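Participant: Before we start, here is the structure in question, set down as structure tokens.
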Amino acid sequence: MAHTGGNDPHTPVDRQLEAKILELLAARAATSTICPSDAARAVGGEDWRRLMDPAREAARRLVDAGQVHITQGGSVVDPAAAKGPIRIRKAL
């Protein structure tokens, strides 16, 4: 199940990351956030670091689908403009 890179959201790993983000958020309060690394660690195990970019891409797809928001400093940001660490929360 190696991630092939690119923006194809149809790879098994990409689907797993999207599902894991939603699963992790569902287990928390509506206003709680997670880090993309939480999903990457849950899906990738010891090799989670290679999934950081795919996890951020999965979060962006979920933003496009209206399911989550990406935040920085507690404020919702445009995923395309987000630089540096991000957090993910359920769309309210």
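Participant: Return the FRET efficiency for the residue pair Arg15, Ala80: r is the Cβ-Cβ distance, R0 is 22 Å, and the value is rounded to the nearest 0.05.
Facilitator: That gives a FRET efficiency of 0.50.
Participant: Mean residue ellipticity at 222 nm from the helices of the chain, using -39,500 (n - 2.57) per DSSP H segment of n ≥ 4 over the full residue count, to the nearest 500 deg cm²/dmol?
Facilitator: Result for the chain, helices only: -12500 deg cm²/dmol.
Participant: Right, another one. Relative contact order of segment 5-77, please, whole-number percent, based on alpha carbon pairs below 8 angstrom and at least 6 residues apart.
Facilitator: Computed over segment 5-77, the figure is 27 percent.
Participant: Using a probe of 1.4 angstrom, how much of the accessible area of the chain is carbon and sulfur, in percent?
Facilitator: 51 percent
Participant: Please provide three numbers in whole Å: the alpha-carbon extents of the chain along the principal axes, with the largest listed first.
Facilitator: 33, 27, 22
Participant: Another one. Which whole-number value in Å² is the accessible area per residue of the chain, probe 1.4 Å?
Facilitator: Accessible surface, normalised per residue, equals 56 Å².
The values are calculated or read from the model by the stated rules, or taken from the named source; none is laboratory data. Quantities reported herein were computed from a predicted structural model and do not represent experimental measurements. As a convention, Cβ positions derive from the backbone with ideal geometry for all residues, glycine included, and neighbour counts pool all protein chains shown. Surface accessibility is based on the protein's heavy atoms, side chains included, excluding ligands, DNA and RNA. Shrake-Rupley method; radii C 1.70, N 1.55, O 1.52, S 1.80 Å.
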